[in-house]
Amino acid sequence: MENYLQPTPWDKRNFHVETYELTTATEEALKQTNEVEGHFTLKIDPLANTELLKKYGFYYVDTLTEPVCKRENLQVYEQAGISLERDFNATEIIEIAEEAFTSGRFHRDFNIPAFMADRRYMNWVNDLIEMDLIVALHYEGELAGFFAYEDDKILLLGMKKEFRSKGLAKAFTSHCVQEQFDLGYDTLKTSISPSNIASLNLFISLGFRLRSTIDVYHKLNGSLPVGV
């Protein structure tokens with residue numbers, strides 16, 4: 001019998017149960033989630049029929065849009081006092097990650113405690129630091145946030161609390177995106193929840209355009225360990 005459950009060890013380490021992403025939304029695949037304990041992720045077209053998902057215990061958690069930008073469409077904004085640095089204190093970057101991301105799909109999953117969802121971001125950012133895929137954002141010599149990327153994908157943008165709503169994100173991000181284009185890419189993409197209006201507006205202002213959307217569903221078969 002074909003296995004439709006793809007293990008996701010990067011999630012398992014945070015939730016301390018087996019974690020999987022389904023490779024298809026067929027009933028055969030959904031049935032397999034009843035036979036294995038763990039946490040499951042399924043991504044489907046927003047127009048797909050969700051009757052079987054409900055039958056097998058899946059619940060909606062988020063929608064992800066895919067903004068894309070061509071090199072020639074990028075709008076770069078200038079701001080005095082900003083700089084991009086590769087030399088930074090990793091602990092400070094991880095501290096920003098702990099409090100900057102509170103509306104991701106795992107934070108919206110009622111089966112996942114907030115501290116586990118926070119830890120997932122922190123571990124992810126630590127991985128990106130180790131892979132040298134983080135750029136620190138400085139304003140007037142002080143750490144203000146970070147930008148994370150991989151190949152042609154923009155992964156994360158995190159701003160320190162005291163530097164938000166000061167008009168810095170547009171200049172910071174545009175310069176980071178320009179540096180990413182300079183690596184040789186003609187098109188860049190990212191993934192944003194429509195609930196994150198500020199981030200969507202930011203990337204649209206830089207020249208990104210929405211290309212596609214996908215709905216994300218989760219399921220927990222069994223329970224998470226208590227007090228981990």
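Quick one: grab Rg to one decimal and Dmax as a whole number for region 22-86, Cα atoms only, in Å.
20.3, 58
Calculate how many DSSP beta bridges within the chain are antiparallel, expressed in % of all such bridges and rounded to the nearest 5.
Restricted to the chain, the bridges split so that about 90 percent are antiparallel.
Treat each spin label as a single point 7 Å out from the Cα along the C-beta direction, and report the Glu140 to Lys54 distance in nm.
5.5
How do Val61, Val17 rank when sorted from fewest to most other Cβ atoms within 10 Å of their own Cβ?
Numbers: Val61 20, Val17 17.
Lowest count first: Val17, Val61.
Please give the residues of region 117-155, grouped as numeric ranges, whose backbone N is less than 16 Å from a label point set 7 Å along the Cα-to-Cβ vector of Lys161.
So the set is 118, 144-145.
Summing -39500 (n - 2.57) over the DSSP H runs of n ≥ 4 in the chain and dividing by its residue number, what mean residue ellipticity at 222 nm do you reach, to the nearest 500 deg cm²/dmol? Show your work: numbers first, answer last.
Details: 7 runs with 71 residues, N = 228.
After summing the helix terms and dividing by the residues of the chain, the value is -9000 deg cm²/dmol.
With angles folded into 0 to 90 degrees, how steeply does helix 114-130 sit against the dominant principal axis of the chain? Use alpha carbons for both and round to 10.
The angle comes out at about 60 degrees.
Any chance you could give the angle, 0 to 90 degrees and rounded to 10, that helix 169-181 forms with the longest Cα principal axis of the chain?
Tilt of helix 169-181: around 80 degrees.
Along the three principal axes, how long is region 107-175 when you take its alpha carbons, biggest first, rounded to the nearest angstrom?
40, 28, 20
Return His218, His16 ranked ascending by Cβ neighbour count within 10 Å, so the fewest neighbours appear first. Don't skip to the end; give the middle numbers.
Numbers: His218 21, His16 11.
Fewest to most other Cβ atoms nearby, the residues stand as His16, His218.
For the chain, which span is the longest to avoid every loop-located (per DSSP) member of GluC sites (Glu not before Pro) having at most 14 other Cβ atoms inside 10 Å?
On the way: sites that count: Glu2, Glu37, Glu78, Glu140.
Value returned for the longest uninterrupted segment is 141-228.
Using a 10 Å cut-off around each Cβ, can you sort Thr190, Thr63 from fewest to most neighbouring Cβ atoms? Each step should come with its number before you reach the end.
Details: Thr190 21, Thr63 15.
Listed from fewest to most nearby Cβ atoms, that is Thr63, Thr190.
Taking Cα pairs under 8 Å and at least six residues apart, what relative contact order does region 63-142 come out at, in percent?
47 percent.
Rounded to the nearest 20 Debye, what is the dipole magnitude of the chain about its Cα centre when Lys and Arg each give +1 and Asp and Glu each give -1 at the C-beta?
Details: 23 positive and 35 negative charges, 146 e Å.
Computed charge dipole of the chain: roughly 700 debye.
Evaluate the distance, in nm, between pseudo-label points positioned 7 Å from the Cα of Glu35 and of Ser195 along their respective Cα→Cβ axes.
A separation of 3.3 nm, rounded to one decimal place.
We did not get these values from a lab; they are worked out from the coordinates using the rules stated. From a predicted model like this one, the values you see are computed outputs, not experimental measurements. Note: ideal-geometry Cβ built from the backbone for every residue, glycine included; neighbour counts use all protein chains shown.
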